[in-house]
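Here's the structure, in structure tokens; my notes come after.
The values are calculated or read from the model by the stated rules, or taken from the named source; none is laboratory data. None of the values given here were measured: they were computed from a predicted structure. Every residue, glycine as well, gets a Cβ built from its backbone with ideal geometry; the counts of neighbours run over all protein chains shown. When the accessible area is computed, the model is the full protein with side chains, heavy atoms only, and any ligands, DNA or RNA have been set aside. Shrake-Rupley method; radii C 1.70, N 1.55, O 1.52, S 1.80 Å.
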Amino acid sequence: MPTIEVPKEKWNGKVREITLGATAAEGGTRAKTVTVGGETTLPFLHFEGEIPRPPAIAIEVQDRKPVDWSPVLLEAWGDVTEDVAAWTKAAAEAGADVILLKFSLHDELSPDYARQVLRHVLDATGLPLIVFGPGQADLDNDVLVAVAEEGKGENFVLGVCEDKNYRTIVAAALAHGHLVNARTAMDVNLAKQLNILISDMGLPLERIVMDPTTGALGYGMEYGYSVMERLRLAALQGDGMTQQPMLVTPGEEAWRAKEARAGEGVPQAWGDWAERAINWETLTASTLVESGADIVVLRHPESVKRVRGMIDVLMSKSGVTS
Amino acid sequence: MALSGLEIYKLLPGSSKNPEVKKHANCKECGFPTCLAFAMKLGQKQAVLAQCPYVEEESKAKLEASAAPPIRLITISANGRKLEVGNETVLFRHEKTFYHEPGLFVRVKDTQADAAEVAKAVGEYMVDYVGMNLTMNGVAVEAAGGDFAATVAAVKSACPLPLVLLVEDPAAAEAGLTAAQGTQSLLWAATPDNWEAMAKLAAQYKVPLAVRAAGGDLDALAALAEQVKGAGVEDIVLDPGVRDYDSSLAAFTQLRRLALKHNERNVGYPIIAFAGDDPVLAGQHIAKYAGFVVLDRFSSGTVYPLLVMRANIFTDPQKPIQVKPGIYEINNPKPGDPLMVTTNFSITYFSVANEIESSGIPGWLLVADAEGMSVLTAWAAGKFDAERIAKSVKTTGVAEKLSHQRIVIPGHVAVLMGELEEELPGWEINVGPREAVDLPNFLKMQWG
């Protein structure tokens, strides 16, 4: 009987290992740090390479109760959304490895306000943080510079750095000991280029997380999926500028979709609202985990549970038979 | 394994060492100027080997073997509803495309009182996604100690879709196949213990047969496939006997690589996967190489996202689904009703059009030619700028249908406002919401 040889590919590249957060010994105040990256094969193919650690799950909390979130999400969190510290604690209990603090857009938003909010969150959790500004260039710069200084040495990920707006954020990361999230619009070459621009400013590649932009299920997910597969293949083939760990935001994208937001006036074939909405987020996230995501940012606690369950089994090496 | 044009050229008369054959080099009888040109066309599947009268027998055999798809196309059907899976050529969709969407099946047991009812719901399910009607592909009927033949008959009459018969006892299998006659079902499964009897049934009833090994043992799986093929069954489906995320990913990836890159004929068949009650696992099966996915439960809130995911992954990356640029009239608009502009990427168009339509607000939707990209992507690529929007306003003649000169642009491209004012003198440019879902509210508040 002929024996089938396990078909293995040879890769000579490796995803960079990046650590989020810093403990007291490392100049921060975090109770623990989280390291991502280090893969030497495609996602979870333990039979041909190293997957040294699971992808990390970040849960998004906002500085104040979101005005535009689906009721399905707000109900799941309950009253804690009224208070960022309480929300942060609840997110840690829901199984987050990392907390993503997102500042929303409102009149009170100022550098001082941002410092205060950050303080509350730092006091509420010992987990590493990712901090995103409200998404408008000037405000992002104001908020992130203040936050970077206030949390000096904590080794946050600051975001979002885009090609039109990365200098101030990168400078703040350099000055105060943080990482950055480099986001580009679903394109392999744009992603490489931004990594180069940022590292040219002097920020080591060990401090850049790459965000290839996420499309929700049904709204362009497959574009992000294929760009991520191509980036990961390039990284494994040895292209040094594609070897950053990847961060994606399936929670934010999926919950913008009508399927997740609308409970009424939708076709009957869409089925139960909560079931559909949570499936929308988990399927978007799980598909991106399979294409190489190292950090997934989620919103619903049930999605966190399901994606964690999937990752646990994918890391169990049950598929290694030889 | 498919040969390249140059590899094919080495097998044609132009490269022959036999002078009797070589003398026909570049004879043009195939309709192409040279053997090399013909080889290139063969490689692109734009010509057939029969066009060359002089190709040697040995070469012919090699070329025919290489032309057989590395993963066999398997067809099952019922009442004119057909499912084709297999015939895939790549490991990653960006390398070319994935061709045949995996079939989604719901399992019912012959001990289940509502089997026919579930089957009926599965058969009737249809959901619209960007103008496509997405449907389930069939029902998997399991012999679990009840009346298998009666359940198969009941399911068949309740649901017009193809069936998978989940049965290992050959006698029950035959009863099921008899009850399913008139359909082309998939028979699951032949195992090392029952394969002779199952292969005989599959050959007799002319149905595809799944072979099942235990625990991801691909040697055993390939051996079983070879035995079944030796017994006269050509249409084979593989079940490597793995059920969890990690072992499915490993086994299915290995099978796909073996078939495509290692020319391992004995595993050149589609895979059947069992996702249990876990939509996330079913999602993995869809993206990573299953041909048939069996779910344990039917629920709209779960199958809708899965069907959309399947449509996404199996979209040809070279051809984003587009709609025709132009003016779309929604809810019978009048000259005073709002004008909105978006791109011709189908997902974008349908998101916007569906929101306007379901709000009941009449409006004019101008679809600009952005080469099938979404608003943000097109804007980043320079395919949806002020010039292009102005051009579509002018070329469609939409101004003549309106009593106003106001246009709503997507919130994501608010930066275009100034330029667009210059491109369209006399027009009022309004910045709309970033997401289509917020459009009805915007129109109610802002337009008037």
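Scanning region A:180-195 for residues that are more than 13 Å from chain B (Cβ to nearest Cβ), open to solvent by less than 10 Å² (accessible area, probe 1.4 Å) and more than 15 Å from the chain's Cα centre (by Cα) yields a single hit, A:ASN195. Of the conditions (1) among the aromatic types (Phe, Trp, Tyr); (2) open to solvent by 20 Å² or more (accessible area, probe 1.4 Å); (3) assigned to a loop (DSSP other than H, G, I, E, B), A:PHE44 clears all except one; give me its number. Every condition holds for A:PHE44 apart from (2). When region A:1-33 is examined, which residues are found to be hydrophobic (A, V, I, L, M, F, W, C), closer than 26 Å to A:VAL121 by Cα and open to solvent by 20 Å² or more (accessible area, probe 1.4 Å)? A:ALA24, A:ALA25, A:ALA31, listed by residue number. State which residue is farthest from the other protein chains (Cβ to nearest Cβ) when the search covers only region A:253-281 and only residues that are within 18 Å of A:LEU298 (Cα to Cα), open to solvent by 10 Å² or more (accessible area, probe 1.4 Å) and modelled with pLDDT under 95. In this case the residue turns out to be A:GLU253. Taking the condition among the hydroxyl-bearing types (Ser, Thr, Tyr) and more than 8 Å from every other protein chain (Cβ to nearest Cβ), does B:TYR289 pass? Here the answer is yes, as B:TYR289 does meet what is asked. Screening B:THR302, B:THR315 for residues that are hydroxyl-bearing (Ser, Thr, Tyr), in contact with a helix residue (DSSP H, G or I) (Cβ under 9 Å, 6 or more places away or on another chain), within 11 Å of chain A (Cβ to nearest Cβ) and not in a helix (DSSP H, G or I) leaves exactly one candidate, B:THR315. Contact map, region B:225-237: residues that are more than 14 Å from B:TYR269 (Cβ to Cβ) paired with residues that are open to solvent by less than 70 Å² (accessible area, probe 1.4 Å) and not in a loop (DSSP other than H, G, I, E, B), Cβ distance under 8 Å, separation 6+ or inter-chain. Pairs shown: B:ALA231/B:TRP195; B:ALA231/B:ALA199; B:ALA231/B:ALA203; B:GLY232/B:ALA199; B:GLY232/B:ALA203. All of A:LEU247, A:LEU144 fail the test of being open to solvent by less than 20 Å² (accessible area, probe 1.4 Å) and within 26 Å of B:ILE286 (Cα to Cα), apart from A:LEU247. The residues on offer are B:ILE321, B:ILE286, and the sole one that is open to solvent by 40 Å² or more (accessible area, probe 1.4 Å) and not assigned by TED's automatic domain parsing to the domain that holds B:GLU419 is B:ILE321. Does B:MET340 satisfy being of a type in the set (A, V, I, L, M), over 26 Å from B:GLU88 (Cα atoms), surrounded by 24 or more Cβ atoms within 10 Å (Cβ to Cβ) and at pLDDT 95 or above? Answer is yes for this residue. A count restricted to region A:289-313 and to residues that are within 20 Å of B:LEU306 (Cα to Cα), at the interface with chain B (Cβ under 10 Å from one of its Cβ atoms) and in a helix (DSSP H, G or I) stands at 8. Considered as a group, the residues in region B:228-268 that are in a loop (DSSP other than H, G, I, E, B) and facing another protein chain (nearest Cβ under 8 Å) include one that is least open to solvent (accessible area, probe 1.4 Å), and that residue is B:VAL242. In this structure, B:ILE327 does not qualify as away from chain A (no Cβ under 14 Å) and open to solvent by less than 20 Å² (accessible area, probe 1.4 Å). Of the strands (runs of 3 or more DSSP E) lying entirely inside region B:123-208, the ones with 3 or more residues being open to solvent by less than 10 Å² (accessible area, probe 1.4 Å) and hydrophobic (A, V, I, L, M, F, W, C) are found at B:138-142, B:163-166, B:186-190.
The criterion of at least 2 residues that are at pLDDT below 95, open to solvent by 70 Å² or more (accessible area, probe 1.4 Å) and within 14 Å of chain A (Cβ to nearest Cβ) is met by the following helices (runs of 4 or more DSSP H) wholly inside region B:369-448: B:375-380. Sub-6 Å Cβ pairs linking a first residue in region A:255-269 that is farther than 24 Å from A:THR214 by Cα to a second residue that is open to solvent by less than 70 Å² (accessible area, probe 1.4 Å) and of a type outside the set (Phe, Trp, Tyr), at least 6 apart or interchain, are A:ALA269/B:VAL127; A:ALA269/B:SER300, ordered by first then second residue.
Does B:GLY283 satisfy the condition of being facing chain A (nearest Cβ under 8 Å), small (Gly, Ala, Ser) and without any contact (Cβ under 8 Å) to a residue 12 or more places away in the chain? Judged against the criteria, B:GLY283 is not a match. Just one of the listed residues (A:LEU122, A:LEU74, A:LEU127, A:LEU109) is within 23 Å of A:ALA257 (Cβ to Cβ) and hydrophobic (A, V, I, L, M, F, W, C), namely A:LEU74. Hey, can you tell me all the residues within region B:42-55 that are open to solvent by less than 80 Å² (accessible area, probe 1.4 Å), assigned to a helix (DSSP H, G or I) and within 22 Å of B:LYS23 (Cβ to Cβ)? Across region B:42-55, the qualifying residues are B:LEU42, B:LEU49, B:GLN51. For A:VAL67, the criteria (1) within 14 Å of another protein chain (Cβ to nearest Cβ); (2) hydrophobic (A, V, I, L, M, F, W, C); (3) over 28 Å from A:ALA257 (Cβ atoms) hold in every case but one, which is (3). Scoring B:ASP278 on the criteria (1) away from chain A (no Cβ under 13 Å); (2) open to solvent by 30 Å² or more (accessible area, probe 1.4 Å); (3) free of Cβ contacts under 8 Å to residues at least 60 places away in the same chain leaves a single failure, condition (1).
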